[in-house]
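Chemist: Handing you a structure now.
The values are calculated or read from the model by the stated rules, or taken from the named source; none is laboratory data. This one's a predicted model, so the numbers in the text were calculated from it and none came from an experiment. Cβ: placed from backbone, ideal geometry, glycine included. Neighbour counts: every protein chain shown. To get the accessible areas, we keep the full protein, side chains included, count just its heavy atoms, and leave off ligands, DNA and RNA. Shrake-Rupley method; radii C 1.70, N 1.55, O 1.52, S 1.80 Å.
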Amino acid sequence: MSDVGQRSLHQAAVEQFQRAADLIDLDPRYREILTYPKNEIIVNFPVTLDDGSLQVFTGYRIQHSNILGPYKGGLRFNPNVDLDEVRALAAWMTFKTALVGVPFGGAKGGVTIDPGDYSEREMRAVVRRFTHALGSNIGPDHDIPAPDMGTNAQTMDWVMDTYANISPPGFRQSVKGVVTGKSVECGGSVGREEATGRGVLYSLRHWCGETETRLDELSIGVQGFGNVGSFFAVQAAEQGCTIKAVGDHTGTIINNDGLDVVKLFDWVREKGGVAGFPSADTADTEDLFTADIDVFVPAALENQITAERAKVMKAHLVIEAANGPTTPEGELVLAERGVQVVPDILANAGGVAVSYFEWLQNKSAQAWSYEEVDERLRELMWQAHDRVVQVRDELGCSRRDAAYIVALRRITKVYDRRDIFP
Ligand code: GLU
């Protein structure tokens with residue numbers, strides 16, 4: 001279980017929204033509803049491995065809320081996936097979609113598996129069998145998965161194909177929108193792959209505008225060089241930022257003159273991690289947190305910025321590209337030290353924003369241009385930032401509380417009008 005001390009990750013996620021709810025005296029009925037996921041689907045399914053043996057895998061789909069639209073959120077394939085983690089991630093999706101104003105609810109799913117331990121054929125079988133086990137619990141107007149850690153466009157193409165194959169013949173074309181983050185060839189949107197990283201960069205640019213800081217004067221440290229961290233780093237470097245430190249599960253590398261992140265991008269795709277990258281010093285994991293940088297961008301797992309790490313961090317801004325990277329204790333220390341935090345549900349919302357665009361394109365059988373996707377992404381991100389800053393200034397609260405308040409107000413208005421059935 002992904003515990004932080006005695007507190008589960010889901011408990012920490014609930015405390016986060018309850019704190020914001022206190023500030024606006026949220027109706028206790030809505031607090032109660034949002035504390036629990038609506039549905040929890042757990043499936044155990046067998047897969048025959050290449051050596052002929054059989055393994056039973058456990059998969060999850062937690063549907064937290066559909067008050068604003070179909071359940072929406074990624075599928076994570078990682079050895080740490082468990083019920084507690086997926087519950088927390090599902091709740092964060094509800095607040096994220098409400099905050100950026102896309103007509104979706106929140107969900108998350110995953111399989112407890114290390115994809116690196118299995119062949120491509122085995123992974124295909126895992127994905128297809130998992131999709132089959134979920135069956136009608138997902139659907140283009142019901143619950144729409146997307147990529148997350150350990151999954152990608154190929155995974156989504158397999159989910160879509162499996163779902164289409166178990167749908168009645170007349171629906172096989174119209175069910176493409178059952179997942180987003182597909183390859184462009186299979187109905188995905190241009191710009192979806194880099195969307196989360198790009199949204200993180202728009203978050204940084206918005207912060208620069210607010211604080212009258214020049215983007216090209218910032219030095220940055222990034223934790224995680226997967227889909228989110230790598231695209232963010234390459235695009236931030238293109239716009240003049242100096243990426244000084246990058247860490248992942250293989251090691252930490254530092255170059256105070258700036259890492260060549262375009263070369264690092266290719267290196268990581270070839271070698272599987274940052275370790276051994278030439279023209280950089282090799283450092284310890286903890287050196288990433290004490291690096292001499294202005295901005296720290298956690299883009300890996302949750303619970304990385306603990307109180308101990310927050311105490312020694314030199315960065316004055318944290319942009320949470322990962323979901324839940326800061327522990328509640330870490331957050332208190334950052335606040336005491338005046339380190340600003342752009343919260344996850346805002347900073348990393350670019351992925352689900354472009355997922356929404358993909359879903360719209362699938363529904364209308366259209367293919368938008370990269371420019372159109374990118375312009376709409378920037379607009380959605382900046383509008384969400386503007387709303388958060390407005391509430392923060394109005395109530396004098398943190399950006400995280402303000403982000404939750406924007407989301408909670410949107411959800412509350414809908415509950416007020418729809419009322420609680422029956
Ligand atoms: N997994 C991503 C997230 O955590 C994207 C979800 C989606 O596009 O539905 O936001």
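Chemist: Going through 51, 27, 22 one at a time, which residue ends up being open to solvent by 10 Å² or more (accessible area, probe 1.4 Å) and touching a Phe, Trp or Tyr at 6+ places or on another chain (Cβ under 9 Å)?
Modeler: 27
Chemist: OK, next. Out of the strands (runs of 3 or more DSSP E) lying entirely within segment 281-377, which hold 2 or more residues that are open to solvent by 10 Å² or more (accessible area, probe 1.4 Å) and touching a residue at least 40 places away in the same chain (Cβ under 8 Å)?
Modeler: Fully inside segment 281-377 and qualifying: 340-342.
Chemist: Among all residue pairs at least 6 apart or on different chains, which show Cβ distances below 8 Å where the first residue, located in segment 69-81, is at positive phi and in contact (Cβ under 8 Å) with a residue 40 or more places away in the chain and the second is basic (Lys, Arg) and near the ligand (Cβ under 10 Å from one of its atoms)?
Modeler: Close Cβ pairs satisfying both conditions: 73/108.
Chemist: Counting only residues that are over 15 Å from residue 157 (Cα atoms), surrounded by 15 or more Cβ atoms within 10 Å (Cβ to Cβ) and touching a residue at least 40 places away in the same chain (Cβ under 8 Å), how many does segment 191-223 have?
Modeler: Here the count works out to 19.
Chemist: What number of residues within segment 397-420 are modelled with pLDDT of 95 or more and open to solvent by 70 Å² or more (accessible area, probe 1.4 Å)?
Modeler: Selection size over segment 397-420: 6.
Chemist: Moving on to the next point. Do we have residue 246 as more than 16 Å from the ligand (Cβ to nearest atom), more than 30 Å from residue 161 (Cβ to Cβ), in contact with a Phe, Trp or Tyr (Cβ under 6 Å, 6 or more places away or on another chain) and of a type outside the set (D, E, K, R) here?
Modeler: Taking the combined requirement at face value, the residue satisfies it.
Chemist: When you check residue 389 against the structure, is it open to solvent by 20 Å² or more (accessible area, probe 1.4 Å) and modelled with pLDDT of 95 or more, yes or no? Break it down into steps so the answer makes sense when it comes.
Modeler: Numbers: open to solvent by 20 Å² or more (accessible area, probe 1.4 Å): yes; modelled with pLDDT of 95 or more: yes.
Criteria met by residue 389.
Chemist: Another one. For segment 185-227, how many residues are closer than 17 Å to residue 369 by Cα and either within 19 Å of the chain's Cα centre (by Cα) or not in a helix (DSSP H, G or I) (or both)?
Modeler: Going through segment 185-227 one residue at a time, the tally reaches 10.
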